[in-house]
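See structure below.
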């Protein structure tokens, strides 16, 4: 989902890197939360958000898209509120 990325992704981080928020898990919820939090804090400044995931990041693919080692048959049901949120973020067309 290219629209989710605001800044370039770093495959590795130094030990001195600091973030306002660290999110463990780059699935649908973690990715959406990272995107929402990366917009602005209460003072109008972008939050520094780190999204950690066990899947390897492939710079040749779209940000936040990982390839599972095998097919995952799980299904996610989305409500109208979820659809509205994804439309607001500009990513619904990538999900549809």
Inside region 62-96, the number of residues satisfying the requirement of being farther than 19 Å from residue 26 by Cβ, modelled with pLDDT of 85 or more and in a loop (DSSP other than H, G, I, E, B) is 2
Picking from 43, 59, which residue would you name as being part of a loop (DSSP other than H, G, I, E, B), over 22 Å from residue 91 (Cβ atoms) and either within 15 Å of the chain's Cα centre (by Cα) or at pLDDT below 85 (or both)? 43
Would you check which residues across region 34-49 are in contact with a strand residue (DSSP E or B) (Cβ under 8 Å, 6 or more places away or on another chain) and under 16 Å from residue 85 (Cα atoms) and list them? 34, 37, 38
Taking only pairs six or more apart or across chains, which ones have beta-carbon atoms under 8 Å, a first residue in region 69-96 that is on the phi > 0 side of the Ramachandran plot and surrounded by 13 or more Cβ atoms within 10 Å (Cβ to Cβ), and a second residue that is at pLDDT below 85 and part of a helix (DSSP H, G or I)? 90/3
Looking only at region 9-27, count every residue that is within 12 Å of the chain's Cα centre (by Cα) and either under 21 Å from residue 46 (Cβ atoms) or at pLDDT 85 or above (or both) and tell me the total. 6
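The values are calculated or read from the model by the stated rules, or taken from the named source; none is laboratory data. These figures come from a predicted structure and were not determined experimentally. Glycine gets a Cβ as well: all are built from the backbone with ideal geometry, and neighbour counts include every protein chain shown.
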